[in-house]
Amino acid sequence: MAASTRAAALLLTVCFLACYVSVPSMAASEDFLQCLSTTSIPSQLVFTPSSPSFTSVLVSSIRNPKFFTPTTVRPLCIVTPTNASHVQAAVLCGRRHDVRVRVRSGGHDYEGLSYRSERPETFAVVDLASLRAVRVDRAAATAWVDSGATVGELYYAVAKASPGLAFPAGLCPTIGVGGHFSGGGMGLMMRKYGLSADNVLDATLVDANGRLLDKETMGADLFWAIRGGGGGNFGIVLSWKVRLVPVPPTVTFFDIQKSVDQGAVNAVTKWQTLAPTLPEDLSIRVIVQSNQALFQSLYLGSCSALVTTMSILFPELGMTRADCREMSWLQSMVYVNSGDTETPVETLLNRTTSLSTFTKNKSDYVKKAITKDSWEKIFPWFNKTGAGIIILEPHGGRVSGIADADTPFPHRSGVLYNIQYVAFWTGNGTDAPNWISGLYDFMEPFVSKNPRGAYVNYRDLDIGENTVVGGVTSYESGKVWGEKYFGGNFRRLAITKGKVDAGDYFRNEQSVPPFVSRK
């Protein structure tokens, strides 16, 4: 055999072994399903592909049609637990019969890893949608919220129990809190109160051994890891105890749009260094689309006070009282999505999703303000074919005042803002994906470096995927993407994984690998 032929054969063998994922036998799969049927899980809570409702349950929180195609690797079954014992049984059956479980808490999984696999694999989904209770302790200003609740359901329950309390989290009401909290949880009040994860006081979790743990029994390292270390890595978090935060009876919202001709470039250039230093009661984010910049703000106070502040600090927007919309905090969470103050707050309880639009998301962090000249080159990207949007979320305040290592979320000290890139398209078009990848490459000189940061809740498989070696995820392959999400905290996450799930039971294409420290 020629040397070149032997080398090619060896390379193919190495690639096959490195990418190989163990697939349980048909008998093991049947044994797993039989195990579920003989446990405490009622049969009506388990859906297999032969079940009439399997497709509707699977699609119930899928947001992206590119992950719902005939070629999508789908689960062996979906378990829809209604209590902790059902989750424990699913994990124990899975361990016994070599069937991994992936956990889904509500959707908005940008790569769909909570309900599909990139590679051939036999797995089950534990869908927490039925675990969605919110129990508010008004006197203590705390709440226990189940992972299957949506952010909208949490907001509604808290405000109805006590209008003067709220919770800092994201703006889309259909986000499941389990995944949102697990990755950090950014929102318009993070400059005042920090991320969602910064306000988690306790949690209940089913670990890889099927044990039900709380903060005390899980230990400090695991409790640290679940508050920002990404969902689906260390166990299945069933519920979270959170600190509620005070909000005034009236908050103020504004939307001010500037075209390039109206000074959008100058306004965005100034916003970069101004927004992170504004009073913590005031948060202004920017959405760039169609060669325009939309400045969108939440102020925890009255319109008159906001107009005064803006006239002094950001006169370039030309804000007047006519731009103000005063409302309750709960109504503001409706308004940011509807643009209508008459939309009833009960719409926050709507969990309905749509599969009409394909999307792709990416993210960056900016630590040094981008120059005006560079913004003048960025804005024309939004006139290109397939152009989407970017959303700029300001940091500073409380979110930046917490030490980078206090939670797994490391994007704090020195960060000006986060960028979320969003492309969307219908049918099988490629213009939007080409646009987002091109803009992402173009932005490389302007964003964080060594590593180029990314936000785990905007999961992006383009930045790296795990390789499985010897039955567990390779730490070296995990570092490629892991240090982008978690910076210097990635090693501690991997060590924690090695302590609580050394066999790598909870695993996906971007799950934290187990690392056993050899001191």
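The values are calculated or read from the model by the stated rules, or taken from the named source; none is laboratory data. Everything quoted here is computed from the prediction, not taken from an experiment. Virtual Cβ from ideal backbone geometry, glycine too; neighbours counted across all protein chains shown. What goes into the accessible areas is simple: the full protein's heavy atoms, side chains included, and nothing from ligands, DNA or RNA. Shrake-Rupley method; radii C 1.70, N 1.55, O 1.52, S 1.80 Å.
Quick grid of which residues meet (1) more than 23 Å from the chain's Cα centre (by Cα); (2) closer than 22 Å to His180 by Cα:
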| residue | (1), (2) |
| --- | --- |
| Lys66 | no, yes |
| Thr71 | yes, no |
| Pro75 | no, no |
| Gly94 | yes, no |
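Filter the range 487-506 down to the residues that are in a helix (DSSP H, G or I), open to solvent by less than 10 Å² (accessible area, probe 1.4 Å) and closer than 13 Å to Phe234 by Cβ and list them by number. Before you say what the answer is, go through the steps one by one.
The first filter runs over the range 487-506 and keeps only residues in a helix (DSSP H, G or I), leaving 487-500.
From what is left, the residues that are open to solvent by less than 10 Å² (accessible area, probe 1.4 Å) are 490, 493-494, 496-497.
Scanning the range 487-506 gives Leu493, Ala494, Thr496, Lys497.
Considering each residue of the range 333-342 in turn, none proves to be touching a Gly at 6+ places or on another chain (Cβ under 6 Å), under 29 Å from Phe67 (Cβ atoms) and buried (at least 20 other Cβ atoms within 10 Å of the Cβ).
Which of the following residues is part of a helix (DSSP H, G or I) and within 26 Å of Asp98 (Cβ to Cβ): Glu476, Glu465, Glu509? Quick ask: steps written out before the conclusion?
Values: Glu465 fails: part of a helix (DSSP H, G or I); Glu509 fails: part of a helix (DSSP H, G or I).
Answer to the selection: Glu476.
Of all the residues in the range 460-489, those that are under 28 Å from Ser413 (Cβ atoms) and free of Cβ contacts under 8 Å to residues at least 24 places away in the same chain number 4.
Return the only residue of Pro65, Pro81 being modelled with pLDDT under 95 and touching a strand residue (DSSP E or B) at 6+ places or on another chain (Cβ under 7 Å). Before you say what the answer is, go through the steps one by one.
Working: Pro81 fails: modelled with pLDDT under 95.
Selected residue: Pro65, the only one of Pro65, Pro81 that is modelled with pLDDT under 95 and touching a strand residue (DSSP E or B) at 6+ places or on another chain (Cβ under 7 Å).
Regarding Thr407, is this residue buried (at least 20 other Cβ atoms within 10 Å of the Cβ), more than 20 Å from Tyr110 (Cα to Cα) and of a type in the set (Ser, Thr, Tyr)? Taking the combined requirement at face value, the residue satisfies it. On inspection, Thr353 fails the criterion of being assigned to a loop (DSSP other than H, G, I, E, B), without any contact (Cβ under 8 Å) to a residue 40 or more places away in the chain and either within 30 Å of Pro65 (Cα to Cα) or within 29 Å of the chain's Cα centre (by Cα) (or both). Based on this model, can you work out whether Glu483 counts as touching a Phe, Trp or Tyr at 6+ places or on another chain (Cβ under 8 Å), surrounded by fewer than 22 Cβ atoms within 10 Å (Cβ to Cβ) and part of a loop (DSSP other than H, G, I, E, B)? No; evaluated as a whole, the condition is false for this residue.
For the range 291-332, residues that are within 30 Å of Ile378 (Cβ to Cβ), of a type outside the set (A, V, I, L, M), assigned to a helix (DSSP H, G or I) and open to solvent by 50 Å² or more (accessible area, probe 1.4 Å) total 3.
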